[in-house]
Amino acid sequence: MDKRPASLKRITTKKAAEKFIDQQVKEIREQVKDQKVLLALSGGVDSSVVAALLIKAIDKQLVCVHVNHGLLRKGEPEQVIEVFEKNLGANLKYVDASNKFLKELKGVSDPEEKRKIIGKVFIDVFAKEAKKIKNVKFLAQGTIYPDILESKGVKAHHNVGGLPKELNFELVEPVKYLYKDEVRVVGEALGLPKDMVYRQPFPGPGLGVRCVGAITKDRLNALREADAIVREEIGKLKDKPWQYFCVIPDLKSTGIKDGKRYMGWAAIIRAINTKDAVTAKSYEIPYKTLYKIRDRIIKEVPGINRVLWDYSDKPVSTIEWE
Ligand code: XMP
C-alpha cells in the first residue's frame, strides 16, 4: 500500500497548510514541467482543493473540465465557474451533459443500475473531452488518504479512476496522503470559499440517488428546488447537523388547488448527525424550522403538495434513500 510518509505531520493550522502548499507547488512543477494537466473538477472539496493547488503551481497549464451531469445541487455549476474561472482565472471547460444523462437514465429505476449508468456516462463524456485537448500527459485526481486506506481507490461513479487505459495519463495526486480535515485546512489556506471547503458530503451520483426511482426532468427540478430550501433553512441554525437534504420518491398523493383535486409529489426532509456515516442519528429539527420548510416548499416548488420528515436512524435506514 502507498503509505503516508512519517515526515508528514498532521496539518491543523494555516501555517502548516502553507508549508504543505509550498512543498506541493515545488513538487508539482518538478513533476509536470511545461506539460498540460487535466482535471475533472466536480466542485467537491477534494477536486476543488487539487484545482486550486495546481492553479497556484502551473496556472494555465491546468485544464479543468467540469461535467454537469444535471444531478448537481442548485447553484453548484455556477459556483464552480465563479470560483475557478472568474476568481482564479482557471482554464475551465464547462460541459453541460445533463440531457445526455437524463436520456440514458430514462425509465431506469434500479438504484445500482442508475449508479452504473451515471458512472459510465460520466467517463464517456470526460474521455471525449480529454481527447479533444491535445498533448495532455497528466491527469490530476483528488484522491485522499481514506480512499487509499479503503483500498478501493477512488469512487468509480464520480471520480475518473475508471478512465480508459488508452488515454495513458500519468497521475498527479497532491493530496493523496491527507485526511479530509487536512484537505479542508489546505483549501482554506488556498483562499477557497468556506462554504465550498466545509460543504456537506454529497454522493457522486448526486441528486440521482435522491430522486428515488426512475428520474424525470420535472421531478429532478422539483427536488433541486426543495433541496435548496431545506439546505437554506437548516443551514441558518446555530447547531447544524452533519448532513441535511431533501429526497423525492416516485410517489404522488392527492392535493387540492382552487377547489380542484390534483396529484402531486411528496418531498421528504432528512437531517442526520454522525461521526463516520457508518451509523447515524436523526437530527431533531426544531419545529419552527420544519414548519418554515414545509410552507416554503409547498409555496415555492411546483408539483409538490406534501412534505414529510424522515426521522429514522441508521441502522436500519441508510442515510441516502438509494
Ligand atoms: P449511506 O446511504 O450508505 O451513506 O448511509 C453514507 C454516506 O455516504 C454518502 N454516499 C455516497 N458518497 N458516492 C459518494 O461519494 C455515493 O454513491 C454515495 N452514496 C452515499 C452519503 O451521502 C452519506 O454521507
Identify all residues within the range 258-309 that are surrounded by fewer than 12 Cβ atoms within 10 Å (Cβ to Cβ), hydrophobic (A, V, I, L, M, F, W, C) and in a strand (DSSP E or B); write none if there are none. Met263
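Applying the selection to the range 313-322, what residues are loosely packed, with under 15 Cβ neighbours inside 10 Å and touching a residue at least 24 places away in the same chain (Cβ under 8 Å)? Spell out the reasoning first.
Restricting attention to the range 313-322, the residues satisfying the condition of being loosely packed, with under 15 Cβ neighbours inside 10 Å are 313, 315-316, 318.
Correct list: Asp313, Pro315.
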With the structure loaded, tell me whether Leu39 is closer than 19 Å to Phe126 by Cα, touching a residue at least 24 places away in the same chain (Cβ under 8 Å) and assigned by TED's automatic domain parsing to the domain that holds Phe138 or whether it fails that test. yes
Leading residue by the ranking (nearest to the chain's Cα centre (by Cα)) among those in the range 136-173 that are modelled with pLDDT of 90 or more and in a loop (DSSP other than H, G, I, E, B): Gly142
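Residue-wise test of (1) crowded, with 18+ Cβ neighbours inside 10 Å; (2) basic (Lys, Arg); (3) outside the structural domain of Asp276 (by TED's automatic domain parsing).
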position	(1), (2), (3)
Pro174	yes, no, yes
Leu178	yes, no, yes
Asp181	no, no, yes
Arg184	yes, yes, yes
Gly187	yes, no, yes
Pro193	no, no, yes
Pro205	yes, no, yes
Thr216	no, no, no
Asn221	no, no, no
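The values are calculated or read from the model by the stated rules, or taken from the named source; none is laboratory data. Owing to the predicted nature of the structure, the values given are computational and were not obtained by experimental measurement. Reconstructed Cβ throughout: ideal geometry from the backbone, glycine too, with neighbour counts over all protein chains shown.
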